[in-house]
Amino acid sequence: MCGIVGYTGFKDCASILLKGLKCLEYRGYDSWGFSFLKDENLVTIKKAGKISEAEEIVNDFPRKSFTGIAHTRWATHGFPTDINAHPHFDCRMKIAVVHNGIIENYLELKKELQKEGHIFRSETDTEVIPHLIEKYYQEDILSAIRKAMLRLVGAFGLAIISTDEPNILYGARRGSPLIVGVGDKEMFLSSDINALVTHTRKVIYLDEDEVVKLTPTSFEISTLKEEKMQKEIHTISLDAVSLGKGGLPHFMLKEIFEQPESLHNAFRGRLDYGRAISKLGGLELTQSEMLSVRGIKLLGCGTSWHAALIGKYLFEELARIPAEVDYSSEFRYRDPILLPDTLVIAISQSGETADTLAAMKEAKRKGAKVLGICNVVGSSIARECGRGVYLHAGPEIGVASTKAFTSQLVVLTLLALLFARMKGVMARREGLIALNAIEALPCLAKRVLKKAEKVEKIADLFYRYPNFLYVGRGYQFPIALEGALKLKEISYVHAEGIPAAELKHGPIALIDENMPTVVLATESNILDKVKSNVAEIKARKGKIISIVTEASREMDDLSDFKCSVPPTPHFLAPILSVIPLQLLAYYIATCLGCDVDKPRNLAKSVTVE
Ligand code: M6R
């Protein structure tokens, strides 16, 4: 995820900004950049690569700059290159902007600005911002910033400097965090408290649509309507300073809790209520190419393979297109048959998984159209596919995939919805119901996360069991697999995911009082069947932890422990029901003292066969 640092004061700005960027490294980034105000000019250095390189370059910088901005970029629009790194500028190189977030309407703004003669240098969405400020700049920068903000749709945290106002640093936010650090004759700005705590414990949190004007000795916060705001200065406790992971003990936990935001980013700007359809920019498929798709082949490994399994249900149920799922590693070596008009979808968080990369190349070699669903922009799979959809989940650092998985499910749903509506197999009304339900997901995920303590208590009671079963049916069967994988990989506890109805064909022999079973039992047309399967476990003294729909009493008699998730259409239910399973795995692993973020024998991105 991108990071912002800004400074104005009387100290050497370059070393302060460099130190700030280093504190943001943990968020993940692919490029970095600085701009300083010096002798009424902007001095800029920006590059793709690691911040360690910045040290040498910044140390060679002319000193005596006291105001500047810096950024770590995690690409969303445009590859991770020097030119796409922030800051970005207006035409005359007088205004420099760094940005966190996504500008959804940047294409239409860019067209408008280009028509008016503005020259763009990068492929980013961010670059429209300095040009908009330039467009509206008449008397003062502050009102130009406000006017620009009124034109932006999406999320942003901004730090801005201008050669016309040498000791002033501006900040603005909507949807992306931005914090002011109040020092002694110096002011800081950052998207992340980490970058501030070594300089000051006094902070002001900016609220939605607020703009701040900072000088070394003053701060002035106002709204878009030019109302001046009196804001509280908070003193950060030392606990909050034990950060790195947003104050949480592990990246995995941080990423689980980021899901309301990452889910939102997966559908932001992609819901078209007017046409009751989803819109996905990077598909590069014409309408007739889409209508000619007769089959879908989904490829992935590990958690991404589980997402692919749910994709199969989605494409078949919603879009009525036959879909098959393959492990990338199996597909690549068995000379697979791809029928004409099969669309291949390669799913990978990292975009670097060697098996998936090879499998998609094989599919391409056989003449198939291949589409990527990746999180990392500019990754090998994304580039090799040349068409696809990004998750925009932000960097996933914990080895166990969590937020990327739920974002993969959102994107697969959007794709299935697109095909369904284009083919005319889903009515407008159903399309609208689906869009509304997708839009509600971040709120519902928050509701699930509020119950984390309950899951922690269950983990306390169960962490000594050496084996677990996870069962589910329909859309929830892949979630049983995913829950079991999460537990295995971070706690080293053996777990198996099984379709609930398959128990009686063998695995039920394992059941006794020492074998807990986690049951996915949310409302659906097959809940009665799941209940019968669970009754068979209960009759053999098996302990049951069930994931149920809020207010449902269906599983009361069968469950030893219950976690509930809010109601949502059955095809979206996996996105919510996997969250308690991520938490259960996390808390069991921490009870067992395991290194959650770096489990033994595993790598985040598997770039070997
Ligand atoms: O980056 P990818 O999505 O291609 O990675 C695939 C698997 O290696 C990955 O999902 C792995 O199974 C995770 N550790 C699961 O948590």
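The values are calculated or read from the model by the stated rules, or taken from the named source; none is laboratory data. Everything numeric here is computed off the predicted structure, so don't read it as measured data. So basically every Cβ, Gly included, is an ideal-geometry build from the backbone, and we count neighbours across all protein chains shown. Areas reflect the complete protein model, heavy atoms only, side chains present, ligands, DNA and RNA absent. Shrake-Rupley method; radii C 1.70, N 1.55, O 1.52, S 1.80 Å.
Considering the conditions (1) over 30 Å from Leu206 (Cα atoms); (2) assigned to a strand (DSSP E or B), Ser222 is excluded by exactly one of them, (1).
How many residues does the stretch 178-198 contain that are buried (at least 22 other Cβ atoms within 10 Å of the Cβ) and either assigned to a loop (DSSP other than H, G, I, E, B) or of a type in the set (S, T, N, Q) (or both)? Before the answer, list the steps.
Restricting attention to the stretch 178-198, the residues satisfying the condition of being buried (at least 22 other Cβ atoms within 10 Å of the Cβ) are 178-181, 187-192, 194-196.
Pick out the ones that are also either assigned to a loop (DSSP other than H, G, I, E, B) or of a type in the set (S, T, N, Q) (or both) and you get 178, 190-192, 194, 196.
Counting residues in the stretch 178-198 that are buried (at least 22 other Cβ atoms within 10 Å of the Cβ) and either assigned to a loop (DSSP other than H, G, I, E, B) or of a type in the set (S, T, N, Q) (or both) gives 6.
Of all residues in the stretch 532-561, those satisfying the criterion of being open to solvent by 50 Å² or more (accessible area, probe 1.4 Å) and on the phi < 0 side of the Ramachandran plot are Ser532, Glu536, Lys538, Ala539, Arg540, Lys543, Arg553, Glu554, Asp556, Asp557, Asp560, Phe561. State whether one or more residues within the stretch 486-506 are of a type in the set (Lys, Arg), within 16 Å of the ligand (Cβ to nearest atom) and modelled with pLDDT of 95 or more. Looking through the stretch 486-506, at least one residue is of a type in the set (Lys, Arg), within 16 Å of the ligand (Cβ to nearest atom) and modelled with pLDDT of 95 or more.
Could you pull out the residue among Leu572, Leu576, Leu581, Leu592 that is of a type in the set (A, V, I, L, M) and open to solvent by 10 Å² or more (accessible area, probe 1.4 Å)? Give the steps one after another, and end with the answer.
Numbers: Leu572 fails: open to solvent by 10 Å² or more (accessible area, probe 1.4 Å); Leu576 fails: open to solvent by 10 Å² or more (accessible area, probe 1.4 Å); Leu581 fails: open to solvent by 10 Å² or more (accessible area, probe 1.4 Å).
Among Leu572, Leu576, Leu581, Leu592, only Leu592 is of a type in the set (A, V, I, L, M) and open to solvent by 10 Å² or more (accessible area, probe 1.4 Å).
Only a single criterion out of (1) touching a residue at least 12 places away in the same chain (Cβ under 8 Å); (2) more than 9 Å from the ligand (Cβ to nearest atom); (3) surrounded by fewer than 24 Cβ atoms within 10 Å (Cβ to Cβ) is not satisfied by Glu352, namely (2).
Can you tell me how many residues within the stretch 567-597 are outside any helix (DSSP H, G or I) and touching a Gly at 6+ places or on another chain (Cβ under 9 Å)?
First, pick out the residues of the stretch 567-597 that are outside any helix (DSSP H, G or I): 567-572, 592-597.
Keeping just the survivors that are touching a Gly at 6+ places or on another chain (Cβ under 9 Å) gives 570, 596-597.
The total comes to 3.
Taken together, the residues in the stretch 93-121 that are buried (at least 18 other Cβ atoms within 10 Å of the Cβ), free of Cβ contacts under 8 Å to residues at least 60 places away in the same chain and touching a strand residue (DSSP E or B) at 6+ places or on another chain (Cβ under 9 Å) amount to 3.
Just wondering, is there one or more residues in the stretch 83-92 that are touching a strand residue (DSSP E or B) at 6+ places or on another chain (Cβ under 7 Å), in a helix (DSSP H, G or I) and within 29 Å of Lys19 (Cβ to Cβ)? No - not one qualifying residue is present in the stretch 83-92. Out of all the residues in the stretch 359-387, which are at pLDDT 90 or above, surrounded by fewer than 24 Cβ atoms within 10 Å (Cβ to Cβ) and among the small types (Gly, Ala, Ser)? Within the stretch 359-387, Gly367, Ala368 meet the criteria.
Residues in the stretch 21-52 that are closer than 20 Å to Asp82 by Cα and not in a strand (DSSP E or B): Leu21, Lys22, Leu24, Glu25, Arg27, Gly28, Tyr29, Asp30, Gly49, Lys50, Ile51, Ser52. Residues that are β-branched (Val, Ile, Thr), touching a Lys or Arg at 6+ places or on another chain (Cβ under 8 Å) and at pLDDT 90 or above were ranked within the stretch 71-119; the one that is farthest from Ser190 (Cα to Cα) is Ile83. Within the stretch 510-521, identify whether any single residue is touching a Ser or Thr at 6+ places or on another chain (Cβ under 9 Å), open to solvent by less than 10 Å² (accessible area, probe 1.4 Å) and part of a helix (DSSP H, G or I), and answer yes or no. For the stretch 510-521, residues touching a Ser or Thr at 6+ places or on another chain (Cβ under 9 Å), open to solvent by less than 10 Å² (accessible area, probe 1.4 Å) and part of a helix (DSSP H, G or I): absent. Restricting Gly183, Gly171, Gly175 to those that are assigned by TED's automatic domain parsing to the domain that holds His99, more than 30 Å from Tyr136 (Cβ to Cβ) and of a type outside the set (Val, Ile, Thr) reduces the list to Gly183. Entry remark, the stretch 69-107: residues being more than 26 Å from Arg387 (Cβ to Cβ) and aromatic (Phe, Trp, Tyr) number 1 in total. When restricted to residues that are out of contact with any Ser or Thr (no Cβ under 6 Å at 6 or more places or on another chain) and open to solvent by less than 10 Å² (accessible area, probe 1.4 Å), the stretch 162-177 contains 4. Considering Leu343, Leu298, the condition of being within 13 Å of the ligand (Cβ to nearest atom), more than 20 Å from the chain's Cα centre (by Cα) and either basic (Lys, Arg) or buried (at least 18 other Cβ atoms within 10 Å of the Cβ) (or both) is satisfied by Leu298 alone.
Residues to consider are Ala589, Ala603, Ala585; find the one that is within 14 Å of the ligand (Cβ to nearest atom), modelled with pLDDT of 95 or more and out of contact with any Phe, Trp or Tyr (no Cβ under 9 Å at 6 or more places or on another chain).
Values: Ala589 fails: out of contact with any Phe, Trp or Tyr (no Cβ under 9 Å at 6 or more places or on another chain); Ala603 fails: modelled with pLDDT of 95 or more.
From the options Ala589, Ala603, Ala585, the qualifying one is Ala585.
Residues in the stretch 376-390 that are within 15 Å of the ligand (Cβ to nearest atom), assigned to a loop (DSSP other than H, G, I, E, B) and in contact with a strand residue (DSSP E or B) (Cβ under 7 Å, 6 or more places away or on another chain): Val377 alone.
Of all residues in the stretch 319-334, those satisfying the criterion of being modelled with pLDDT of 90 or more and either within 16 Å of the ligand (Cβ to nearest atom) or open to solvent by 10 Å² or more (accessible area, probe 1.4 Å) (or both) are Arg320, Pro322, Glu324, Val325, Asp326, Tyr327, Ser328, Ser329, Glu330, Phe331. Residues in the stretch 10-43 that are touching a strand residue (DSSP E or B) at 6+ places or on another chain (Cβ under 9 Å), surrounded by fewer than 18 Cβ atoms within 10 Å (Cβ to Cβ) and not hydrophobic (A, V, I, L, M, F, W, C): Lys19, Glu25, Gly28.
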